[in-house]
Each structure stands twice: as C-alpha cells, then as structure tokens.
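Colleague: Sharing a structure below in structure tokens format, with a few things to ask.
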C-alpha cells in the first residue's frame, strides 16, 4: 500500500483495522498523517504467500521498516506482517481487508 494508498488500490468501503478505521477517505487521511511523522522511512515488503481463489485472494506479506524516531533520536527497526483479503474488480486487484501485526522492534 505504501505511499500509493491514495491511488485507489482499495475498495471504497475498505477497512483498515487498528482500532478500526473504515472508508477510503478516512483511511487515506489517517495513513498520510501517520507517514508525515516519518519522512525518511525505509519500508520493504516481502511476499510470504498468495492464495488465489477465483476473483478473491488471501495474501500475507512481511515488512521491514527503518526510521529515525523524532522523539528519541534513535534509529528504530520494526518487523511486521500484513494479512490481506483482496478482490479482483474490473481487472484490478483491490484491498478488501488489511490487518497488520507488529512482530518485532529493535
């Protein structure tokens, strides 16, 4: 998803689960506000698995992020995992559900 979040890669009624954030406009605004706090973040996503069933798929990807914490001044390294449900509409794969779990921080 990354910085391309606002480019329509998700359904209009998509839900971003952290607490729960629903609706395209709210998800995009929340993501942009969060990313503004980390202008130099290095973000890498690696596919773990993709299981396609017709026009739907379950996707797991692992993330690695490195950024400088503005408050502490320390470099932080996070590892995480996205579990996604995506659907194919008009030839494009779109996020239907996205769940993130933090796995490790150093």
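The values are calculated or read from the model by the stated rules, or taken from the named source; none is laboratory data. Bear in mind the structure is a predicted one, so any value in this text is a computation, not a measurement. Virtual Cβ from ideal backbone geometry, glycine too; neighbours counted across all protein chains shown.
Colleague: Of the conditions (1) touching a helix residue (DSSP H, G or I) at 6+ places or on another chain (Cβ under 9 Å); (2) assigned to a helix (DSSP H, G or I); (3) modelled with pLDDT of 80 or more, residue 30 clears all except one; give me its number.
Modeller: So the condition that residue 30 fails would be (1).
Colleague: Ok, one more. I want to confirm something. Restricting to the stretch 4-26 and keeping residues that are under 25 Å from residue 66 (Cα atoms) and touching a helix residue (DSSP H, G or I) at 6+ places or on another chain (Cβ under 7 Å), which single residue is modelled with the lowest pLDDT?
Modeller: 6
Colleague: Just to be sure I understand, how many residues within the stretch 33-59 are touching a residue at least 12 places away in the same chain (Cβ under 8 Å), within 20 Å of residue 81 (Cα to Cα) and loosely packed, with under 13 Cβ neighbours inside 10 Å?
Modeller: Total meeting the criteria: 5.
Colleague: Now for a separate question. Can you name every residue in the stretch 68-99 that is more than 19 Å from residue 56 (Cα to Cα) and either under 20 Å from the mean Cα position of the chain (by Cα) or assigned to a strand (DSSP E or B) (or both)?
Modeller: 68, 69, 75, 76, 77, 78, 79, 80, 81
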